[in-house]
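Shown next, in structure tokens, is the structure this report addresses.
What follows draws every value from the coordinates through simple rules; no lab data is involved. Model, not experiment: these values are computed from the prediction. Neighbour counts are summed over all protein chains in view; Cβ atoms, including those assigned to glycine, are modelled from backbone coordinates with ideal geometry.
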Amino acid sequence: ITTDEEGDWTAKFTQEEVAGGEYEEEVTVTLTNGGGTTTSTDTLVLDTVASVTIDTSIVETNGEINLVEESDGFALTGTVEAGSTVTVTFGDVTYDAVVTGSEWSLAVDAGVIVQGEYDLNSSVDAIDAHGNTASTSGTVAIDTITSLTLDDSVGGEDGVVNAVEHSGGIE
């Protein structure tokens with residue numbers, strides 16, 4: 001313990017002496033000098049951790065976004081410590097999520113993601129009320145492309161179904 005000229009004192013502890021985590025610890029300080037002894041007690045609040053999750057498996061109920069689902073937007077969700085702020089980044093753009101209690105959500109408007117067949121990688125960053133940070137990531141399958149082919153060879157070589165071909169049924 002060190003004391004300066006004004007009588008203010010400082011006690012410095014190492015990480016090994018004070019465990020990290022989230023907890024409260026009662027601290028008692030006793031001062032003894034020529035005038036006697038006095039004791040003061042207070043509570044030290046420690047918070048050295050933060051957490052955040054993303055649940056991509058429930059995006060559009062199956063973790064995949066098709067063209068119809070993308071056309072009305074979609075949501076990303078997860079959990080976080082209450083009082084945190086959350087940002088979500090995908091497609092080189094960062095969005096502020098809405099935090100309610102210990103859950104966060106991001107409503108993504110239609111037309112935001114690129115059409116195609118690919119994995120949309122999202123990174124999620126959280127800062128809790130005490131300045132601790134946490135990060136996670138998740139992937140959502142994007143499949144907004146549909147293709148259809150028609151085999152019209154059942155109409156014979158000329159592409160027309162005649163009476164003989166019709167009597168055999170058309171597939």
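Couplings 3J(HN,Hα) of region 74-86, computed from phi: 8, 10, 10, 9, x, 10, 7, 5, 4, x, 7, 10, 10 Hz, in residue order, whole Hz [Karplus 6.51 cos²θ - 1.76 cosθ + 1.60, θ = phi - 60°; x for Gly and Pro].
The alpha carbon convex hull volume per residue for the chain rounds to 192 Å³.
Between residue 133 and residue 55, residue separation times 0.36 nm minus the direct Cα-Cα distance comes to 26.2 nm.
In order along region 162-170, the Karplus-derived 3J(HN,Hα) couplings, from 6.51 cos²θ - 1.76 cosθ + 1.60 at θ = phi - 60°, round to 8, 4, 5, 5, 5, 5, x, x, 10 Hz, and Gly and Pro are given as x.
The stretch between residue 30 and residue 72, if pulled fully straight at 0.36 nm per residue, gains 8.7 nm over its current Cα-Cα span. Put simply, when 50-56, 25-31 are sorted by average Cβ atoms within 10 angstrom per residue, most first, you get 50-56, 25-31. Size of region 35-97: Rg and Dmax of its alpha carbons, in Å, are 21.8, 80.
Once you divide the Cα radius of gyration of region 79-159 by 2.2 N^0.38 Å, the number left is 1.81. Each other residue within a Cβ distance under 14 Å of residue 135 adds +1 if Lys or Arg and -1 if Asp or Glu, for a net charge of -3. Springs between alpha-carbon pairs under 10 angstrom, Gaussian network model over the chain: which of 70, 117, 17 fluctuates most? Its mean-square fluctuation being the largest, the pick is 17. Working note: 222 nm ellipticity from helices only, DSSP H runs with n ≥ 4, each -39,500 (n - 2.57), summed and divided by the residues of the chain, gives -1000 deg cm²/dmol to the nearest 500.
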